[in-house]
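To start, the structure under review is shown below, and the notes come after it.
Nothing in this text is a laboratory measurement; each read-out follows from the coordinates by a stated rule. What you see is a predicted model; the values in this text were computed from it and never measured. As a convention, Cβ positions derive from the backbone with ideal geometry for all residues, glycine included, and neighbour counts pool all protein chains shown.
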Amino acid sequence: MSLKIKQDHSRFRQIVRGKIKQNLKKYISKGEMIGKQGKEIISIPVPQIDLPHFRFDHRDTGGVGQGDGDVGTVLQPGNVQQPGAGPEAGSEGGEHSLDVDISFDELAQMLGEALELPKIEPKGKERIIAERTRYTGIQRSGPESLRHFKRTFKQALRRQLVTGQYDPKRPMIVPTHDDRRYRSWRVKKEPETNAVIVYMMDVSGSMGDEQKEIVRIESFWIDTWLRHQYKGVETRYIIHDAMAKEVDRDTFFHTRESGGTMISSAYKLCAEVIAADYPSHEYNIYPFHFSDGDNWSADDTRLCMEVLKQKVLPAVNVFCYGQVESPYGSGQFIKDLREMFNGEDTVLTSEIPHKEAIYRSIKDFLGKGK
């Protein structure tokens, strides 16, 4: 019975997984599910899965064996409504959904399968070395906290059987000091790749709530994939209008300024953060910049290209620029980037005119496997 339940549960999980993958593009373009995340899991409403179950109706509704009755009374369903009573009829079917908790690791695997994302090949030859404890066997000595009770009693039983001390009528096993067995361990040094994501966003007046929502949704899925690829991921947030500053996550997504736009201020600050805290030989570095493509002047755009080429690109895996369409932005900056870095695989660009384009944009950024 236990095996049958496990098989049924496994089959149900496969069905749920198939439903999520089938509707993944819709989930990616919607932001509601992001608010249902916990520390290690996320709750996803899966439609069109109705689980059969018994329900006890505690109301006194009449029927067989209930209420008063005489010989010859016609049996009929209880709680019969009179014509015209009760709620109005509807022509649409009811919507059934089930909130399913899945881990971020499972979600990342589905994202990778759906978008056919390659596994990232970390750059650089050096790695951060992490020490991990592995229990590898049994030994005769060790701390009491690591005593293996089952092995200890088995050894005591074996000794008593061999020496003839074991009495089946009085099955008492008393381990001696020599019978004690302890878990043995060794410290294994393993390479551990680390990564940092630096998010930059234009918060000038032309970037409205709709544009920020697109950035929020896309950054969630980028985070999910990169955390699946690396053991340790740090995240830094930079906002800018005519000036740039580092902020926390909440401020990043909810700040709105009204000044002009000087993109170079964000790239300079990004370069400073990387140089100060993240050596390129120890970290895989991913700067993402989101803007509507409107910059203050051609001179500042030239300065942006200079900072990118000399300070940012030599240190990072890839630099990603996402241009969110705005009725107030010129959209020129992405053209300048593509012209300057045409053919360079360390600069990735993507146009995001609306939420439905997030799905394709994620593949634009992560599909190279860098």
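The HN-Hα couplings worked out from phi for the range 231-243 by the Karplus form 6.51 cos²θ - 1.76 cosθ + 1.60 (θ = phi - 60°) are 5, x, 10, 10, 10, 10, 10, 10, 10, 8, 10, 7, 10 Hz, whole numbers, x standing for Gly and Pro. Return the distance in nm (one decimal) between the two label points of a simple spin-label model at Lys335 and Asp364, each offset 7 Å from Cα along Cα→Cβ. Each label point lies 7 Å from its Cα, and together they span 1.6 nm.
Note on the range 193-366: Cα-only Rg and Dmax are 14.6, 41 Å. Based on C-alpha pairs under 8 angstrom that are at least 6 apart in sequence, the range 193-366 has a relative contact order of 25 percent.
Near the amide H of Thr235, within less than 5 Å, lie the amide hydrogens of Ile197, all on another chain or at least 5 residues away, with H placed in the peptide plane.
For the listed peptides 282-294, 213-225, a ranking on the average number of other beta carbons within 10 Å per residue, highest first, reads 282-294, 213-225.
Full extension of the segment from Glu210 to Arg147, taken as 0.36 nm per residue of separation minus the current Cα-Cα distance, would add 16.7 nm. A simple count of charges around Ala298, restricted to other residues whose Cβ falls under 15 Å of its Cβ and scoring Lys, Arg +1 and Asp, Glu -1, yields -4.
Taking amide H as placed 1.01 Å from N in the peptide plane, the amide H of Met200 sits under 5 Å from that of Ile238, Phe288, His289, Phe290, each at least 5 places away or on another chain.
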